[in-house]
Structure formats: structure tokens, C-alpha cells
1. Please find, within the range A:151-172, the residue that is surrounded by the most Cβ atoms within 10 Å (Cβ to Cβ) out of those that are more than 17 Å from the chain's Cα centre (by Cα) and over 25 Å from residue B:228 (Cα atoms).
2. Specify the residue that is farthest from the other protein chains (Cβ to nearest Cβ); the eligible residues are those in the range B:273-311 that are crowded, with 18+ Cβ neighbours inside 10 Å and part of a loop (DSSP other than H, G, I, E, B).
3. Looking only at the range B:196-212, which residues are closer than 19 Å to residue B:243 by Cα and within 7 Å of chain A (Cβ to nearest Cβ)?
4. Every residue in the range A:235-253 that is within 10 Å of chain B (Cβ to nearest Cβ) and touching a strand residue (DSSP E or B) at 6+ places or on another chain (Cβ under 7 Å), please.
5. Can you tell me which residue within the range A:205-234, out of those that are closer than 16 Å to residue A:181 by Cα, crowded, with 23+ Cβ neighbours inside 10 Å and more than 8 Å from chain B (Cβ to nearest Cβ), is nearest to the chain's Cα centre (by Cα)?
6. How about the range A:28-135: which helices (runs of 4 or more DSSP H) wholly inside it have at least 2 residues that are touching a residue at least 60 places away in the same chain (Cβ under 8 Å)?
7. Does any residue of the range A:269-277 turn out to be in contact with a helix residue (DSSP H, G or I) (Cβ under 9 Å, 6 or more places away or on another chain), farther than 20 Å from residue B:197 by Cα, modelled with pLDDT under 95 and more than 9 Å from chain B (Cβ to nearest Cβ)?
8. Within the range A:173-195, restricting attention to residues that are surrounded by fewer than 24 Cβ atoms within 10 Å (Cβ to Cβ) and touching a strand residue (DSSP E or B) at 6+ places or on another chain (Cβ under 9 Å), which residue is nearest to the other protein chains (Cβ to nearest Cβ)?
């Protein structure tokens, strides 16, 4: 039996090291610790070293958009469990837990809003909901954001933060790659600009689909932007990894993103891009 | 659940497929007939053991690879090398040839038969350069109206430092985007392992087929087990949970048809496997060839945009 398998991933046999257990408000770079309100006041950026903490979808939308302008769309789209998936725990249970813990229905929020007076469509991912993973519901929401942008003739601003496709939906989650790609192609055909902001981390299935297809792509400092993350690359190939492997800075150097923009300047740059692309309708 | 019950359940689900909004645009006339035929073919049990058997057969070292099929049913084969930028990626073979009298552009993963060839071809795991080459060949096909055939057989895209630096994620996204733009008929068939993004990169086709012992999945069973069970040794459990076999892919509306293999699997008789695959590819192409290009593209996008199950 075993000789019949070409298994390139046998090295995964050993369990990965346990996840880091520091407090989420402790800066992994310099060790500074903050209260929630302190981080909220600095757009979740470490005041000491500039490290960008993960930012929730709602907080980001509130920050990007003109007060009161955001109208959420497809808020009722929820994941199903088509495979009755059960690993160590049932998928359905993981979903309800994520919803309880995050107050979000899924790992993406979409809706219409204005940014500095420019009407836009927004799609914002949230890493805290099951690692921002893309299952059918996330794919559907992003696709609907594309449709809504086309319908209203406004630019799409897409913020990505995801570990990749959601394994618990099996092959259907892989199909969200071509699904979202087709949605972006419809957007391109309608001459609707798409501005992508890659937050930490933008990896695997999301990077290999809609995240990579923006007209202009901005990355947040220090964000991991990689199809395969450093741990798997190391374990599979045993290659020595460069210090900045897969980080936004390396991606800029190799030509995969247009700019790295810290949060303090992000709104200004997005507004500038919206002015440059102009009214599309 | 007894086998009989399972069969009834699948019959119901198959008959329901045409009514589900998730398949809008995907169903064409004659489709239900095809499903009927496939149901008969798929009456083998789908126990966890059977799923794992598919995983093993899909990875069988004697299984025919892309070039074995090319040799058997593509005439006037001319292989096209290189992405015109950086390299020629042996893990992904492209070329022009004749299938049943018509010129086609063919794209396929190639794992390599012996150790040296496997190393040269990275076990069928393509670099961004491979997808760049695929895009280049698709552009030729689009310009001259050649149908695009793709044969998928990869554990996944190559997970290495250089692959990342050369933009693996973006290359896979752009390859899918190119396939979503084509106005020529496109047929893909999973002939072994359909591993993740590296597979779907060349499988955004009008007709997606799967050989009966092929697998198509979002991650390798070992990778899934390592992440969710924290132990790659649980691969069998993982495979049983995410169901990468042809029968389940058909049930979920992810593929359009299943291609039969010789008794015991394609590795037992390459010639017979090639005859069966050739017939399926020609049949799929013939169904598509009368449809105008814009309409093909519209239906293709509608098919993929309808995929997924949500509330």
C-alpha cells in the first residue's frame, strides 16, 4: 500500500509547534502591551514599533467610511455544512462559536458606503472569524459585492485577511476561487475599478483568487502575503527561508504589490486613488 | 445507511440538481441523461475505505500521466516550452496537436515516471512560470479559435521560496482569470490528483470531467490532517471527511461528468484508459462547438458563480 503513494507531504507527520500564547494586545515585535481603547485610538498600530495588529472588519469599515454612510448588504448569508464535516469538532459547532465570539455572521462583510464623499462598494474580511477562511458564504458575499459595484457603477474597495479556503467545506471551498475570479472578471468587463488592501495575512486560496486581481494593490506593513506560508515551505522543501519571506516588503520588492501603506496614511491614499479613477458611472 | 438507501439519496440529489439555483447555467439539455448514466457507473460503495482507495489509485505510480495520453490520442503533437519570461516549467506541459481532426491547445500537469524525471518535474507541482506558460498557450488558442483541453494531475502548486518570490498566488489567480475570459470551448479533466489551487488554476472550463479514480480537493489529505487533526497520520480520516472522490464531486455539482477507467484503475491498462478519456473529451468538445464564444463564456462564468452551498 505505502509504495503506491507519492506523498510529498510526509514531513507533516509531526504536529506543528503549539500556537503562540501571548495576549492578543501584546505586540509580538516589541512586547509593548496596550488596552483595547489605546489600540483603537491608534488604528490598532503599536505606538512603540509600528507593528500593525489585526483590525476587525467593523472597526475598519467605521474608520474608512463617512459616518453613517455604510449600509451592509447580504448580511443574512450564512455558511451551511454540506459535507457534515467533523474533524475534532463538528463544523457547525465551529461556525456558531465563531459567530458568538466575533458578532459577525461570516468572515467577510460587504456593503455600500462613501469614502470622503466618493460612493464605493466595500468588501472587508475579518481574520477572527475562523481565520478569515473562505467558504461558500464568503465567496458569495464577495461576488455579490462585485455585482453591487457593477450595478451602481462605483469602485470596489476590497480588504483581504484570510488563511485561505475553508477546509471544512471541502471541494466547494476550492470552487470559491474560480467563483470569485469570475465575479472579478465581470467587474473588469464593466470597467469598474477594484482597489485591494492586503492585510495580515493574505494567503493561499484568497491570494490565489480575487485578492490578486485588483487594479491597484496596497499591502499593510509586515503583512504575510504568500500562497504557501513559511512553516509549510520550510517543512516541505527544507529550504532556508529569507528573513522577510512572504512579507509585504518582499512582495513589493518582487513586484507583487503596488505599495505598502501604513494605516496612518491609508485613508488618504485610498481617497487619492478614488479621485484618480474618478466617477465611473 | 444501506447501499440501496444511498443510491436512492443520490438519485434524489441528482434529479434535484437541475432545479437548484446553484447550478443555473450549468445544466444543458441532455445533462440529466448523462447524470443517469454516471449514476450507474458510480454504484460502487462510497465508504471511507473506497474514498481512500481513490486517493491511492489517483497517486498510483503507474497511473498514466498527461504525456501518456498525448502519445495515445493527440496527433501532430508539438510541445511548446517556456513562459517567455523566466523559465520552462516541466511540471506543466503545454502544446498544440490534433484531437479527432481538430487543432487543440493542450495543457497538463506531468509528474514524471522515474526518480530523475520526477525531480526534474517537481512531482507535477508547477511554479508560477508553469502557469505563465499555460496563460501564454491559452492566448494562442483564443487568437486562433483552438479549443483548450487541460489534464489536471498535481498534488498542488510548488510550495517553495522561489515559487513564492515569483508570485505563485497571483499566477494561479491570473490563470483562472484567463480561463474565465476565453471564448473558445474549454474542457478539463482531472486525471489523477486535483490538488488545490494548483489544480483549479487550469480547470475553469466549460466542462470539467473527472476520471472515476481521480481525486479533487481543497488540500491534500495529509495537509488537512496536519492542520485540523494536528497529525498528518490521520490523512485517511481527513479524506473521509472532505470527500475528494469523483462521486461526491459530481453530487456537489463541482464536476460535469465522470470518465470511466479500465477495470481496477487506469494504471492497469494505459491504452484502454486513453480510449475512454479520448471518447469523453471528444464528446464534450462536440457538445460545445456549436455554441457562440460569448455564450460559452457567459455560461462558464454563470456555472462557476453558482458554485457553493450557503443559507
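1. Within the range A:151-172, the match that is surrounded by the most Cβ atoms within 10 Å (Cβ to Cβ) is A:155.
2. Here the answer is B:306.
3. Correct list: B:196, B:197, B:200.
4. A:246, A:251
5. Checked the range A:205-234; the qualifying residue nearest to the chain's Cα centre (by Cα) is A:206.
6. A:57-64, A:91-102
7. No: zero hits.
8. A:188
The values are calculated or read from the model by the stated rules, or taken from the named source; none is laboratory data. Worth saying up front: this structure is predicted, and the values here are computed from it rather than measured. A quick note on method: Cβ atoms are made from the backbone with ideal geometry, for glycine too, and the neighbour counts reach across all protein chains shown.
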